[in-house]
Structures are given as structure tokens and as C-alpha cells.
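Enquirer: Sharing a structure below in C-alpha cells format, with a few things to ask.
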Amino acid sequence: MTINATVKEAGFQPASRISSIGVSEILKIGARAAAMKREGKPVIILGAGEPDFDTPEHVKQAASDAIHRGETKYTALDGTPELKKAIREKFQRENGLAYELDEITVATGAKQILFNAMMASLDPGDEVIIPTPYWTSYSDIVHICEGKPVLIACDASSGFRLTAEKLEAAITPRTRWVLLNSPSNPSGAAYSAADYRPLLEVLLRHPHVWLLVDDMYEHIVYDGFRFVTPAQLEPGLKNRTLTVNGVSKAYAMTGWRIGYAGGPRELIKAMAVVQSQATSCPSSISQAASVAALNGPQDFLKERTESFQRRRDLVVNGLNAIDGLDCRVPEGAFYTFSGCAGVLGKVTPSGKRIKTDTDFCAYLLEDAHVAVVPGSAFGLSPFFRISYATSEADEGRSFPFKTSAAYRH
Ligand SMILES: Cc1ncc(COP(=O)(O)O)c(C=O)c1O
């Protein structure tokens, strides 16, 4: 008998570090909605987290110019000097934050920034505090990096914000990070200076805990809300804060894949080690485009935000006019996170009882042809998220809520 004959072919076994992570609910819903569209059903997708606007012309032009100048090779590992300088200016101009170039890192999207940071800092079992509802990637990234997400429910009564009491109670000697996101995906809730202050006081008392803030939706805030970021508010925390941002949402550049962060030099260096063996540098062309986005005119951001605000009002008013739904007015981002406790227990026209927010979203998709995402995907039920970064024409047509009487009691 040869040795080969004794070796049995084994099926694929996923590594334990990813075994608890399933395909995201958002992707599943997106796939189902796309399949329905292919069948000719007029599905409106309010699930995707990307602006319907196009990347600005001057940004596209900068990319084209970079290609024609021959900037098509590897760049410095974690960002070209030009882009790092543009980011340094941005932090200074918009956030009053002074970072040296070696305190700045650039990656293939803010998602990679988060991944690099967790990979570079977590040992197995290290705890990461994540308020819910949260952007699903936070806990999945922590899992992949063998850390332990510590989820803290922050419901509508606290404006979906973490409180100092809850934060204090969650900190243990194993806590490495707290992840905060303002304005938030999925709730749209944002932290004002007054909301942040008590949390920062708690962190000042726990010097072993680092703070990662995800400011991705910084520019999309409404009703004169004043955006602030913790390292600016509390310089005493700057040496253990990673301030994350990117061009995806503000400049409608989701496909260009550029995210960046400012933080303590030693952390930034360790993140570059991770990146060096994952993706090397981000795309040279996208980096040139991002320089143009950050250094170029910013006035269109205001116009786009005004457009988002009109859509927010349309959606929030529509939702709150419906029996059984309850939507808090978000301060920013382009999401509503509406409560749907009042529809649980009801029966759809096709005879299905709605027991959970997932059932409710399935009903909206199958019967009303509207794709939205259940709160369970973001760690808080019973809620559902609408992304209103889609065109007003689509939203107007899609309002299944006008026919809310369609489900029976
Ligand atoms: C809160 C938040 N942070 C980060 C990202 C990732 O952005 P990027 O496209 O830069 O990876 C997203 C994308 O949906 C997000 O919602």
C-alpha cells in the first residue's frame, strides 16, 4: 500500500478564527434582492451603504493624470508623502489635530485600517468594547484577530450612544480597545462634545484602554450638528487614540479603496507591518485621486449633505407616520435605524407571522420589494436599517410604508 492511499482527502475546514463568522446578513439580502431584480421584480435596494453621487470630476481627472504620469508602480508602504501631507493638512484644518507624517497611515479602505489596528494589537482573548448597534465589521474583525468583542447594548433611549456608566462597567484588565463611531452606521447617531466628555473622563481613569474612533461620516451631519473627534477634545488621550477616516463616503469614492488614520507612532508602525504582508501599498492611482479629494474644493460636500438631509426627512417622516414603527431622528450618516417592535406579532397578507425584525425585513423584501437590513445584523433588535443614500426618485416610489395597512393584525 502506498502512503498516498492511506491519506484521506479531507473537506475544507475553516480556521477556528473565522468559524463563528457567517456571510453577512447585508450581503445575503443584497444577493436575494439582486436575484429578484433579475427575475424582473422592481426591487428597491435601501441596503447598500454607499452614496449614489458620482466621484467628483476633479478627483477622476487627478487619477487619470497620475496614470499618464506613470504613477502606476508600488508606492511607499503606508501612503505616498503627497497623500500623507494632504491628510496631515486635513486633520489640522478640520479637526485641529497635529500629526507628524509618521503618525499617519493609509490603507486600502478604512476597513483595512481597522483590520491592521486589531491585527497589530490584539492577543488572543483581548477584549474590545463595541457599543451596539455597530457596523458589523467591527466584531467580525475582532473575531478574526482572535480578540473578544464585548458588546454593549445602547438602545434608542440613550440615543444609541454609549454612556459613561456602561463603559465603566465593561472595562476589565483585558480591555485593549473601545471602538466608537460617530456619526454611526447603522444608527446615524452622533456624539456631541457634551456626549463624549463623560466617556473620555472614564478613559482618562483607565490608562491601559485605547480608543479607536471611526469618523468616516464626519461630513454628513444635519441641522447644524457640530462634529468633534475625541483626540481633539481631550489631548490627554491623543497618545492612545487612533482617529480613523477615509474618502469613501464624503467624496463618493467607495470603489477607490482609500482609508487613513492618525495615531501614536508605535501603533502606526505596527500597523504597517501587518499591511506589508497583506496588501503592500494601497493603489497608487487611488492615492493620487485622494490627494485631489482632500486638497481640492470642499463646497460640494455641503450641497450633498443638504440633499441627504432632505432624504433623511422624507424617510423619517414616512416611517413615523406608520403604526408600529418608531424612528429616532439621526444626527448624521445616511441611515435610519427604526424600531419595529410595534409590528411584531402581526401577520402578513400571505399568512406569515412576523416574529422578529428579520421576519419583518423578509416581508418588506418579498411582498413590498424593498430591501432593508434587520437590526439583528447590527447587534440590536427589533430594529431595521434603511440606507437613504439612494436617489429620492427611487425612495419616493419605494415607500411601501404608504401601504402599511397591508399587514394584518
Ligand atoms: C462606519 C464605517 N466605517 C468604515 C467603513 C469602511 O469604509 P471603507 O470604504 O473606507 O473601507 C464603513 C463602510 O461602510 C462604515 O460604515
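Enquirer: Please give the peptides 76-84, 244-252 ranked by average Cβ packing (other Cβ atoms within 10 Å per residue), highest first, as a rough proxy for protection. Each step should come with its number before you reach the end.
Expert: Values: 76-84: 19.8, 244-252: 24.4.
Listed from highest to lowest mean packing, they are 244-252, 76-84.
Enquirer: In the chain, what percentage of the DSSP-assigned beta bridges are antiparallel, given to the nearest 5?
Expert: On the way: 20 of 40 bridges.
Roughly 50 percent of the DSSP beta bridges within the chain come out antiparallel.
Enquirer: For the charge dipole of the chain, defined by +1 on Lys and Arg C-beta atoms and -1 on Asp and Glu C-beta atoms about the Cα centroid, which residue among 209, 387, 194 has the Cα displaced farthest towards the positive pole?
Expert: Checked the options; the winner is 387.
Enquirer: Now a separate question. What is the angle, in °, between the Cα long axis of helix 193-204 and the longest principal axis of the Cα atoms in the chain? Nearest 10 is fine, range 0 to 90.
Expert: Rounded to the nearest ten degrees, it is 60.
Enquirer: Work out the length of the dipole vector of the stretch 92-157 about its Cα centre, built from +1 on the beta-carbon of each Lys and Arg and -1 on the beta-carbon of each Asp and Glu, and round it to the nearest 20 debye.
Expert: Details: 3 positive and 10 negative charges, 46 e Å.
Magnitude of the dipole: close to 220 debye.
Enquirer: Right, another one. When a/c reaches 1.5 or more, the comparison of a/b and b/c decides; with that in mind, is the chain rounded, prolate or oblate per its Cα gyration tensor?
Expert: rounded
Enquirer: Pick from 58, 68, 143 the residue whose mean-square fluctuation is largest in a GNM of the chain, springs joining Cα atoms under 10 Å.
Expert: Result for the chain, Cα springs under 10 Å: 68 fluctuates most.
Enquirer: Any chance you could give the angle, 0 to 90 degrees and rounded to 10, that helix 284-295 forms with the longest Cα principal axis of the chain?
Expert: The angle comes out near 80 degrees.
Enquirer: Any idea what the dipole of the stretch 142-273 comes to, in debye rounded to 20, about its Cα centre with Lys/Arg Cβ at +1 and Asp/Glu Cβ at -1?
Expert: Numbers: 14 positive and 12 negative charges, 82 e Å.
Roughly 400 debye, rounded to the nearest 20.
Enquirer: As a check on your grasp of the helix formula, calculate [θ] at 222 nm for the chain: sum -39500 (n - 2.57) over DSSP H runs of n ≥ 4, divide by the residue count, round to the nearest 500. Mind dumping the intermediate values first?
Expert: On the way: 15 runs with 157 residues, N = 409.
Counting only the DSSP helices, I get -11500 deg cm²/dmol.
Enquirer: How far is helix 299-320 tilted, in degrees, relative to the longest principal axis of the Cα atoms in the chain, given as a value from 0 to 90 rounded to the nearest 10?
Expert: Relative to the chain, helix 299-320 is tipped by roughly 30 degrees.
Enquirer: Right, next: Which lysines have a Cα lying under 23 Å from the Cα of residue 238, excluding residues fewer than 8 positions away in the same chain?
Expert: Qualifying lysines at Cα under 23 Å: 84, 85, 90, 111, 166, 269.
Enquirer: Which whole-number percentage describes the relative contact order of the chain, with Cα contacts under 8 Å and a sequence gap of 6 or more? Display every interim value, and only then the final one.
Expert: Details: 771 pairs, mean separation 91.5, N = 409.
About 22 percent, as a whole number.
Enquirer: Further, regarding this structure: Under the rule a/c < 1.5 gives rounded, and otherwise a/b versus b/c splits prolate from oblate, where does the stretch 288-358 land using the Cα gyration tensor? All intermediate terms of the calculation are to be shown ahead of the outcome.
Expert: Values: a/c = 4.15, a/b = 2.70, b/c = 1.53.
It comes out prolate by the Cα gyration axes.
Enquirer: Just to confirm my numbers, what's the Cα centroid distance between the stretch 26-73 and the stretch 184-212 in Å?
Expert: Using only Cα atoms to place each centre, the spacing works out to 32 Å.
Enquirer: Which residue, 260, 19, 172, has the largest displacement toward the positive end of the dipole of the chain when charges sit on each Cβ (Lys, Arg +1; Asp, Glu -1)?
Expert: Towards the positive end, the residue furthest out is 19.
Enquirer: Just the Cα atoms of the stretch 136-282, one point each, no solvent: what log10 I(q)/I(0) does Debye give at q = 0.15, 0.17 Å⁻¹?
Expert: -0.85, -1.12
Enquirer: Rank by packing, highest mean first: peptides 315-323, 112-120, 150-158, with packing defined as the count of other Cβ atoms within 10 Å averaged across residues. Numbers along the way, then the final one.
Expert: On the way: 315-323: 17.4, 112-120: 24.7, 150-158: 15.8.
The densest-packed peptide leads the list: 112-120, 315-323, 150-158.
Enquirer: Report the dimensions of the stretch 99-194 along its three principal axes from the alpha-carbon atoms, largest first, rounded to Å.
Expert: Each principal axis gives a Cα extent; for the stretch 99-194 these are 39, 28, 24 Å.
Enquirer: Same structure again: Can you list the equivalent-ellipsoid semi-axes of the stretch 14-106, largest first and in whole Å, using the square root of 5 times each Cα gyration tensor eigenvalue? Don't jump to the answer; show the numbers that get you there.
Expert: Numbers: eigenvalues 263, 98, 56 Å².
That gives 36, 22, 17 Å for the three semi-axes.
Enquirer: Among 341, 274, 314, whose Cα sits farthest toward the positive end of the charge dipole of the chain (+1 at Cβ of Lys/Arg, -1 at Cβ of Asp/Glu, about the Cα centre)?
Expert: Ranked along the dipole, the leading option is 341.
Enquirer: Dipole of the chain, Cα-centred, from +1 at each Lys and Arg C-beta and -1 at each Asp and Glu C-beta, to the nearest 20 debye? List each step's numbers first, then the result.
Expert: Working: 44 positive and 46 negative charges, 133 e Å.
Roughly 640 debye for the chain.
Enquirer: Here's another thing I want to ask about it. Give the dimensionless ratio obtained when the Cα radius of gyration of the stretch 244-294 is divided by 2.2 N^0.38 Å. Each step should come with its number before you reach the end.
Expert: Working: Rg = 11.7 Å, N = 51, 2.2 N^0.38 = 9.8 Å.
Rounded to two decimals, the normalised Rg is 1.20.
Enquirer: If you count, for each residue, the other Cβ atoms within 10 Å and average over each peptide, how do 202-208, 100-106 line up from highest to lowest? Before the final figure, lay out each step's value.
Expert: Working: 202-208: 14.3, 100-106: 19.4.
Ranking, from highest mean packing down: 100-106, 202-208.
Any read-out appearing in this document is the output of simple, stated calculations on the displayed coordinates, not a laboratory observation. Only a predicted model underlies this, so the values are computations on that prediction, with no experimental measurement involved. For neighbour counting, all protein chains shown are included, and Cβ atoms are generated from backbone atoms with ideal geometry for every residue, glycine included.
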